[in-house]
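Below: one structure, written as structure tokens.
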Amino acid sequence: MALARNRRPQRAIDYWPGFVDALSTLLISIMFVLTVFVVGQYILSREISGRDEVLNRLNSQINELTQLLALEKGSNQDLEDSVANLQAALSSAEGERSRLKALLDAGSGGQSAAEARVGNLTKELDEQKQMSDRAMSQVELLNQQIAALRSQIAAIEAALQASEQKDQSSQTKIADLGRRLNVALAQRVQELNRYRSDFFGRLREILSDRENIRIVGDRFVFQSEVLFPSGGADLNPDGQVEMEKLATALLDVAKEIPPEINWVLRVDGHTDNVPLAGTGRYGDNWQLSSARAISVVKFLISRGVPADRLVAAGFGEFQPITPGDTPEARATNRRIELKLTEK
């Protein structure tokens, strides 16, 4: 019986399928956990990057607000000091209230006095908070004023730019007008020079190139001996003849000059440097030179030359054309000069 029992086949237990199933389940769980971790990591990274962008924008806004507050730091420094003092007082009051509450809890001191003290401190604390709120309101108002000032500054800068552009345009127009005016003046001068040349040419023809009548630059020069007696200012007969020719030539040329050219004939009287005795009709060379110029002008007026086209001036001995004290130099300096020019 025992032998038969021993001969029965013994069945071996196969653990491998269960082990494989458990290992597959564990592997799937690990892959699921890894997948969840990767997805969570991706979502978390996107959330962190979005928060970084928001944080950067907030930092930019904070920097801008900090710059704006720095611009008005001088004006609101007192308010900030007041806020700091109020906060310090607030902290002190809170500490005192905490200490008194601790004493109340421990049963030390009079409860009623402590409660009254706590009430007073609470009231002071509320007042300090109100003052702090008012200070913060004032800071906010200052910030609004800063923003308004920035808007005004921007408007002023825009107005300045517009004004500068307008000024540049005006300067361009002024330069163009100046150029045109210079061209017009040059044309007028050229026209007057042409008529002056005609006038001098006719005088040269009429006076037949006399030795004591000559052209110096833009002036027609008569020696005083041709027109006046020595020391006198009344035209002598020869001088009247010469001035008669001058008046004729001047009237002929005046007919050809356009009315828009405002011309005059300037008569300048000059003497030599020999002083007058002072006992005669004229006290000095100033009076003599002026009287001679006026005498020529009056004679030309009597011959029909318009008075508004004539100018008389006396220079005495102070504008010589030949320096020196020789008789020849003095004779050259005693003269009447005629110049056709503009008013």
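The residues listed here are A135, A175; of these, the one that is touching a Leu at 6+ places or on another chain (Cβ under 9 Å) and at pLDDT below 80 is A135. Taking region 1-110 and the helices (runs of 4 or more DSSP H) fully enclosed by it, the elements with 3 or more residues that are modelled with pLDDT of 75 or more and farther than 30 Å from S132 by Cβ are at 16-71.
Here the condition is being over 20 Å from I294 (Cβ atoms) and small (G, A, S); of G239, G217, it holds for G217 alone.
For a quick check of your reading: which helices (runs of 4 or more DSSP H) sit entirely within region 224-340 and have at least 2 residues that are over 20 Å from R214 (Cβ atoms)? Even if it seems obvious, please write down each step before you answer.
Numbers: elements: 224-227, 237-256, 285-302, 327-333.
In region 224-340, 237-256, 285-302 are the helices (runs of 4 or more DSSP H) which contain 2 or more residues that are over 20 Å from R214 (Cβ atoms).
Which residues, counting only those in region 301-320, are of a type in the set (G, A, S) and more than 21 Å from Y282 (Cβ to Cβ)?
S302, G304, A307
Filtering region 255-291 to residues that are surrounded by fewer than 17 Cβ atoms within 10 Å (Cβ to Cβ), under 48 Å from the mean Cα position of the chain (by Cα) and not acidic (D, E) leaves P258, P259, I261, N262, V264. Screening K298 on (1) open to solvent by less than 50 Å² (accessible area, probe 1.4 Å); (2) modelled with pLDDT of 95 or more shows it passes everything except condition (1). Residues of region 318-343 that are under 55 Å from the mean Cα position of the chain (by Cα) and either of a type outside the set (D, E, K, R) or exposed (fewer than 11 other Cβ atoms within 10 Å of the Cβ) (or both): F318, Q319, P320, I321, T322, P323, N333, I336, L338, L340, T341, K343. Among the residues of region 232-255, the one identified as free of Cβ contacts under 8 Å to residues at least 12 places away in the same chain and of a type in the set (V, I, T) is V241.
The values are calculated or read from the model by the stated rules, or taken from the named source; none is laboratory data. Note that the structure is a prediction, hence the values are computed from the model and not measured. FYI the Cβ positions are ideal-geometry reconstructions off the backbone, even for glycines, and counts take in every protein chain you see. Remember, those area values only see protein heavy atoms, side chains included, never the ligands or the DNA or RNA. Shrake-Rupley method; radii C 1.70, N 1.55, O 1.52, S 1.80 Å.
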